[in-house]
Amino acid sequence: MEEREGEVRWDGLCSRDAAARAAALDTIGQAVLRRAESIASGAAADGLPAPANRDGLGEALARLLMLSKRCPFPDVREKSEAILGGVQELGIRIPRPLGHGPSRFIPEKETIQVGKEEATMHTLFAESFATLGRLDNVTLVMVFHPQYLESFLKTQHYLLQMDGPLPLHYRHYIGIMAAARHQCSYLVNLHVNDFLHVGGDPKWLNGLENAPQKLQNLGELNKMLAHRPWLITKEHIEQLLKTEENSWSLAELIHAVVLLTHYHSLASFTFGCGISPEIDCEGGHTFRPPSVSNYCICDITNGYHGMDEIHASPAATIPVSSTESVCEVEALMEKMKQLQECRDEEEASQEEMATRFEREKRESMFVCSSEDEESAATRDVSRHFEDTSYGYKDFSRHGMHVPTFRVQDYSWEDHGYSLVNRLYPDVGQLLDEKFHIAYNLTYNTMAMHKDVDTSMLRRAIWNYIHCMFGIRYDDYDYGEINQLLDRSFKVYIKTVVCTPEKTTKRMYDSFWRQFEHSEKVHVNLLLVEARMQAELLYALRAITRYMT
C-alpha cells in the first residue's frame, strides 16, 4: 500500500519482511524529524510555541501514534513511539489517544491487547494490517470470534481490492454512500481516506451531486436498501440498467448491491458494538495536554468522558442484582428446554404458523426505543446522500401493506447464491461461507453455563430480524420468538438493525446482563449477517424478475 503525506511514505510498513519495515521506518523517521526541526526552529526564531499542525506534520504524528498502539509488528510499534519521542524533545506537542480501547461499550481490559495476542490471532492481525495498512477497531472487536473475522476480512478484501466489475475508487465511494445513510462517520472517515488513496477525485466528496451521474443514479437504490428494501421492484433495476450513457451492467450492479448491503450492515455493527473512532482519525486523538484528572474540560464538551463514565458497568447504569441476572439466564434456559419438549410433543398447523408470523411481524412494529435516548455523536455526513428525511418505516404505517416475502419462493441458498456467483464469480461463495459461519457459530455456552445447545436461540434472533423485514420461513414457529427474546433485547435488535445511529450504551447494557461481552458481539454478528441477507434477498429477487 503506497501513500504520501508530503514526502512521508508509509507503504513499506505493511511488508511482512522485517528488513523492509526497518528501512521504511528509517525513511519515515528522517522525514518527520526533518519537518519537525524546520517547524521548531522557525517557531523559536519568532519566539512562539512550535505548532504540530503545519505542513502535514499533525497527520503524520497522528498516524505514528496509531502505529505505536495498533500495529501488530512490535518493531513498528517501538520505532513509531521513538520517533514521537524525538519530535517531543524538539518542543513540539505530540498527540495522545482519546477514549479507551476499540469500543465505547466494552472495557479495554476485556478486549484483545495488540502485542499480547495468541499466534493464530497475530496471523489474522498481520494479514489485516498488510491488506488495509491498519488494524482497525472493527477488527479488534470482531476478533472475539476469529473464525468469523477471517471470513469477513477475506470477503471485504475481495469486494474492495480484488478483480471485479467496478473500479477501485467507485467501490470506496459506494462504501461512503452506504455508511452515510446511517450517519456512520467512523466508516465514512475510513473510506474517504481509502477513496483518496486509490486516486478518487476529492471534488466528489463535496456531495453526491459532484459525483458522476452513474453513481448519483445509485442513490435511490441505496436509500431503499438501507431503510425499506421491501419497496424495491424490477422497475428500479430497469432504470439503472437501461439509462443510456450512464447505465450499469448487471455485473456492476451486483457488485454495487453487495457493497451497499455490506456497508449498511457494517454500520449496524459499528454502532451496535460502540466502535470508537480510529486513533488517527477525527475524534480519535488530541494535541491538548491531559489535565491532572486525565481529561480536560474541552474533551468533556466534545463528548469525550473519563474512563469511569465511558465504561460504567451495566450494574452502574441499570440497577440490577447479580441474583436477578443469574435468574434471567436460568429462566431463558428453562424456556428453551420447554420449547424443545413442546416441539417434540406437538406441531402447530400451517394456518397457526402463518398466524403467529403475522402477529410477530405486527408486534415488531411497536417495538421502539425511547425517543429521548441520545444517539452517538457523529459529524454531519449528509452531503454523501440525498433525501436525508428518508428513513426506516414499519410495514403498515399509513395503511401501507407489504406482502410477506416467503423464503420458500425465493431464498439465498436456491436463488440468490447462484445469481451472485454467476455475475460476480466467487463472491456468492464468500458470502455463503460468511452467512453460514455467523448462523452456526457456537461455543455451546450461555453466560456461566457450558455444554448448552444454543441453536434455538440463534435461530430465533436470525428469524426475528428477517420477520422485521417481512421475510417468513414456513417451517418456523414464530411463537418461539416471544418466549426467547425479551423486550429490552428486541429494542436493541430493532435499533441496531433498522436505525443503528440511535443505539446507546444503555441499550447495550440492558439486555443479557449476565452474558459475556464476546456473546454480545456474537449477537451483533448475527444481526449483521441477517440484515445483509434480508437486503440482498429483496434486491436479488428484483434483479431476477427483471431478467426473466
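The values are calculated or read from the model by the stated rules, or taken from the named source; none is laboratory data. Bear in mind the structure is a predicted one, so any value in this text is a computation, not a measurement. Neighbour counts run over all protein chains shown; Cβ positions are idealised from the backbone, glycine included. All accessible areas refer to the heavy atoms of the entire protein, side chains included, with ligands and DNA or RNA removed. Shrake-Rupley method; radii C 1.70, N 1.55, O 1.52, S 1.80 Å.
Relative to the current alpha-carbon distance between T442 and N210, full extension at 0.36 nm per residue lengthens the span by 78.9 nm. Computed over neighbours whose Cβ is under 12 Å from that of E127, the net charge equals +1, Lys and Arg +1, Asp and Glu -1.
Nonpolar atom fraction for region 396-470, defined as the carbon and sulfur part of the 1.4 Å probe accessible area, stands at 50 percent.
The gain in end-to-end length when the Q239 to T120 segment is fully stretched comes to 38.1 nm, 0.36 nm per residue minus the alpha carbon separation. Summarising the label geometry, the points placed 7 Å from Cα in the beta-carbon direction at K109 and A331 lie 3.0 nm from one another. Within straight-line reach of K116, meaning a Cα separation under 29 Å, sit the following lysines at least 8 residues removed in sequence or on another chain: K69, K79, K154, K434, K450, K505, K520. Binning the C-alpha pair distances of region 402-524 at 5 Å intervals from 0 yields a P(r) profile of 2, 9, 16, 19, 20, 16, 10, 5, 1, 0 %, listed from the shortest bin outward. The calculated FRET efficiency for D475 paired with E363, based on their beta-carbon distance and R0 = 22 Å, is about 0.60. Share of carbon and sulfur in the accessible area of region 207-276 stands at 41%, probe radius 1.4 Å.
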